[in-house]
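Below is one structure; the comments refer to it alone.
The values are calculated or read from the model by the stated rules, or taken from the named source; none is laboratory data. Model, not experiment: these values are computed from the prediction. Glycine also receives a Cβ, built like all others from the backbone with ideal geometry; neighbour counts cover every protein chain displayed.
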């Protein structure tokens with residue numbers, strides 16, 4: 001099935017470039033692996049190289065590169081990801097993002113705690129946008 005028909009809601013609320021990135025990677029992965037989870041994981045891994053999830057949509061990153069260990073793999077496997085949060089970003093960037101998302105207690109959090117808290121805030125905003 002073409003990527004445009006499979007487009008997740010968070011990407012549909014994102015820029016046209018983010019949509020094109022996901023669709024192109026998805027369609028290529030479908031040709032290689034067939035339809036299914038593997039194609040979706042591959043498309044998200046490609047998206048995470050240039051975009052990060054902020055709230056209920058994806059925004060361009062300042063620097064390209066994988067956002068977490070899963071996205072760095074050439075063929076992503078099932079496993080834990082940072083959920084679109086750029087876990088490789090600086091602590092200051094994560095703090096600024098947490099501030100935008102109004103994450104409580106952000107000033108005392110470690111980098112990993114910021115990643116986790118931003119992921120939870122993103123999930124809440126996505127759930128709210130879907131309802």
Practice task
Can you run down the residue pairs with Cβ atoms below 8 Å, 6 or more apart or on separate chains, where the first is in the stretch 107-123 and at positive phi and in a helix (DSSP H, G or I) and the partner is modelled with pLDDT of 95 or more and loosely packed, with under 15 Cβ neighbours inside 10 Å?
Solution key: none
Handout entry: Answer residue from the stretch 38-56, given it is free of Cβ contacts under 8 Å to residues at least 60 places away in the same chain and part of a strand (DSSP E or B) and is surrounded by the most Cβ atoms within 10 Å (Cβ to Cβ) among those
Key = 51
Problem - Test for residue 128: is it touching a helix residue (DSSP H, G or I) at 6+ places or on another chain (Cβ under 7 Å) and on the phi < 0 side of the Ramachandran plot - result: no
Handout entry: Number of the condition not met by residue 91 [criteria: (1) touching a helix residue (DSSP H, G or I) at 6+ places or on another chain (Cβ under 9 Å); (2) within 18 Å of residue 11 (Cβ to Cβ)]
Key = (2)
Completion exercise
Restricting the stretch 1-29 to residues that are in contact (Cβ under 8 Å) with a residue 60 or more places away in the chain and part of a helix (DSSP H, G or I), the one surrounded by the fewest Cβ atoms within 10 Å (Cβ to Cβ) turns out to be 9
Completion exercise
By residue number, the members of the stretch 67-100 that are surrounded by 17 or more Cβ atoms within 10 Å (Cβ to Cβ), modelled with pLDDT of 75 or more and part of a loop (DSSP other than H, G, I, E, B) are 67, 68, 81, 82, 83, 84, 85, 86, 87, 88, 89
